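Enquirer: Take this structure, written in structure tokens, and hold onto it; I'll ask about it next.
The values are calculated or read from the model by the stated rules, or taken from the named source; none is laboratory data. Note that the structure is predicted; figures quoted are calculated from it, not measured. With ideal geometry, Cβ positions are generated from the backbone for all residues, glycine too; neighbour counts draw on all protein chains shown.
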Amino acid sequence: MELKRKLFLLKPFVNSKVWGVEQWIVSTMKDSSSFFLDSNNTVSIKSLTGSDYPLLIKTIHADDTLSVQVHPDDEYAQTHENAHGKSECWYILEAKPGSSIISGLKGNASREELLLAIKEKRIESYLYETTVSAGDFLYIPSGTVHAIKGGLTLLEIQQPSDLTYRLYDWNRDREVHIEKSLDVIKNYTAKPVKKFSGIFDCDYFKIEKADIKGKTEIKPLENGCWASYYIIDGEGTLSCGGERIDIKKGSTVFAAPDTTITADGSFSVMQSCPKARANA
């Protein structure tokens, strides 16, 4: 029976945007679930997790700049939207020379100053922008103003929410949510971008990057939860018992709880799993 397996090669839900493409590589979100193939039939990963999975994992390819946005925390989202809040992180996969992101605000502007700056079309002077390159990492807790600019491909690990308030949209003709954005901003200071140290954890998720050369074991980061393995580059295999999956750049493998995987080949892989709080 399919559910007796421990390893599943996932297929993403593809979400086209005006600025590029998102691939929701691990998702149990309504009408946008990632899936696997079972005898050529598509099966939602919700059949594996048994309930909504407490993470949403995407790859984002931005040809153009995304809106300047901010996400609410759990308390605000649950009270006003009956939804999860959204804290997230970015690992930069590819970056054209000079590509940049917005990660926080410059100075210590008040709500009133930001509202006036938006009305007078000078909000860009408050946005903290920094160039990035492949291998850079940024954690974006809820309440942080941020934006992805064009020329970037990144891996995003986040709470399972598609709740976004647009503070500013570069004069494009799309809905903005200025009052709600100003309600939820709480991290006014700029957020520095760093080279990824190889491991990160917060209240909601834990991630770890491994560089595989030859054969080695990869143990799960957390007990009792499904884990995902995204192949950043290279190729090889992931196996467990008699199961074996060939992987290459861009592959995503979903592994059953408490599964130790044998990795073989030459590739880099990012393991992601929810923390105990997220599973609660």
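Enquirer: Please indicate, with yes or no, whether at least one residue in the stretch 68-84 is of a type in the set (D, E, K, R) and in contact with a Cys (Cβ under 6 Å, 6 or more places away or on another chain).
Expert: No, because not a single residue in the stretch 68-84 is of a type in the set (D, E, K, R) and in contact with a Cys (Cβ under 6 Å, 6 or more places away or on another chain).
Enquirer: Considering (1) farther than 29 Å from P192 by Cβ; (2) crowded, with 16+ Cβ neighbours inside 10 Å, say which one T79 fails and leave the rest.
Expert: If we test T79 against (1) farther than 29 Å from P192 by Cβ; (2) crowded, with 16+ Cβ neighbours inside 10 Å, just (2) comes out false.
Enquirer: Just need a number here: residues in the stretch 98-153 that are free of Cβ contacts under 8 Å to residues at least 60 places away in the same chain, closer than 14 Å to T65 by Cα and assigned to a loop (DSSP other than H, G, I, E, B).
Expert: Adding up the residues that qualify gives 2.
Enquirer: Next question, about the same structure. Quick one: which of K186, K206, K213 is in contact (Cβ under 8 Å) with a residue 24 or more places away in the chain and touching a Ser or Thr at 6+ places or on another chain (Cβ under 7 Å)?
Expert: On inspection, the qualifying residue turns out to be K213.
Enquirer: Looking at S266, S228, S272 in this structure, which one is outside the structural domain of L154 (by TED's automatic domain parsing), surrounded by fewer than 21 Cβ atoms within 10 Å (Cβ to Cβ) and of a type in the set (S, T, N, Q)?
Expert: So the residue among S266, S228, S272 that is outside the structural domain of L154 (by TED's automatic domain parsing), surrounded by fewer than 21 Cβ atoms within 10 Å (Cβ to Cβ) and of a type in the set (S, T, N, Q) is S266.
Enquirer: Within the stretch 30-47, which residues are buried (at least 18 other Cβ atoms within 10 Å of the Cβ) and either free of Cβ contacts under 8 Å to residues at least 60 places away in the same chain or within 25 Å of A83 (Cβ to Cβ) (or both)?
Expert: Scanning the stretch 30-47 gives S33, S34, F35, I45.
Enquirer: While we're looking at this one, here's another question. Looking at the structure I just gave you, is Y76 farther than 18 Å from K30 by Cβ, hydroxyl-bearing (S, T, Y), in a helix (DSSP H, G or I) and in contact (Cβ under 8 Å) with a residue 40 or more places away in the chain?
Expert: Here the answer is yes, as Y76 does meet what is asked.
Enquirer: Right, something else. Restricted to the stretch 160-183, and to residues that are crowded, with 17+ Cβ neighbours inside 10 Å and among the basic types (K, R), which residue is nearest to D64 (Cα to Cα)?
Expert: Only one residue fits best here, namely R166.
Enquirer: Can I ask one more? Restricting attention to the stretch 101-141, which residues are over 27 Å from the mean Cα position of the chain (by Cα) and either surrounded by 16 or more Cβ atoms within 10 Å (Cβ to Cβ) or not assigned by TED's automatic domain parsing to the domain that holds D73 (or both)?
Expert: A109, L114, L115, A117, I118
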